[in-house]
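Working notes for the structure below.
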Amino acid sequence: MPEPEPEIGTVVSLQLRKWDGTPHRQLTTTYLGSDDYGRWVGHTSLLATDEPNVATGRRHVMLIPHAGLFLAHFNEPPSRNSIYADITTTPEFGQGDDGWVVATVDMDLDVVRTIDGRTWIEDQDEFAEHTSSLGYPADLVTSSRAAATRLLAAVREEAEPFASTWPRWIKQLIV
């Protein structure tokens with residue numbers, strides 16, 4: 001039996017935390033649908049744990065993959081970064097007491113692609129520091145590094161969904 005899906009337009013809360021359980025980022029998003037790559041949500045404002053809602057006036061979509069250790073953020077211009085992907089533990093998507101939720105642990109490493117095409121893995125120093133200070137298990141360190149390397153290659157090669165797929169989803173989000 002297929003997993004239940006929210007209706008298009010349903011609010012989905014994205015909750016990222018750090019390995020020690022502290023909140024990292026919270027976003028209120030809108031469910032846009034799903035495809036072969038995963039579930040797509042979008043937002044036009046950011047709700048962080050330490051700042052109020054700030055409207056950006058730009059559209060952003062996110063991919064919660066069916067498989068993979070990441071959450072990919074796709075941004076329309078004039079955002080400096082067209083793609084910003086957090087390396088995470090396996091994202092958990094489901095319906096909780098307060099509605100639909102995506103929950104995962106941010107593993108510090110990020111794959112970034114700027115609007116001019118430069119692409120790299122960011123926050124490797126933070127990952128190294130937290131590996132020790134937060135006590136990341138060895139298998140999680142290995143899988144996080146491997147996920148970042150695979151994702152970097154996919155973004156650089158413009159493999160889908162990092163080429164023409166995400167712009168179709170962003171067009172569905174009304175500002």
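Quick check on my filter: what residues within the range 123-144 are crowded, with 17+ Cβ neighbours inside 10 Å and of a type outside the set (A, V, I, L, M, F, W, C)?
D123, H130, T131, Y136, S144
Which of the residues belonging to the range 119-130 are without any contact (Cβ under 8 Å) to a residue 40 or more places away in the chain and assigned to a helix (DSSP H, G or I)?
Matches in the range 119-130: Q124, D125, E126, F127, A128, E129.
Can you confirm whether D110 is in contact (Cβ under 8 Å) with a residue 12 or more places away in the chain and touching a helix residue (DSSP H, G or I) at 6+ places or on another chain (Cβ under 9 Å)?
On the way: in contact (Cβ under 8 Å) with a residue 12 or more places away in the chain: yes; touching a helix residue (DSSP H, G or I) at 6+ places or on another chain (Cβ under 9 Å): yes.
In short, yes.
Look at the range 36-60 and say how many of its residues are of a type in the set (A, V, I, L, M, F, W, C), modelled with pLDDT under 95 and either within 17 Å of the chain's Cα centre (by Cα) or crowded, with 16+ Cβ neighbours inside 10 Å (or both).
The number of residues fulfilling the criteria is 3.
Go through S133, S82, S143, S164 for me and flag whichever is closer than 30 Å to E7 by Cα and out of contact with any strand residue (DSSP E or B) (no Cβ under 6 Å at 6 or more places or on another chain).
Answer to the check: S164.
Exactly one condition in (1) outside any loop (DSSP other than H, G, I, E, B); (2) farther than 22 Å from Y37 by Cα is false for D116; which is it?
Of everything listed in (1) outside any loop (DSSP other than H, G, I, E, B); (2) farther than 22 Å from Y37 by Cα, D116 misses just condition (1).
Quick one: which of N81, N75 is more than 21 Å from S34 (Cβ to Cβ) and at pLDDT below 95?
Numbers: N75 fails: more than 21 Å from S34 (Cβ to Cβ).
From the options N81, N75, the qualifying one is N81.
The values are calculated or read from the model by the stated rules, or taken from the named source; none is laboratory data. Predicted model only: the values in this text are computed from it and were never measured. Please note: Cβ atoms are built from the backbone with ideal geometry, for glycine as well, and neighbour counts cover all protein chains shown.
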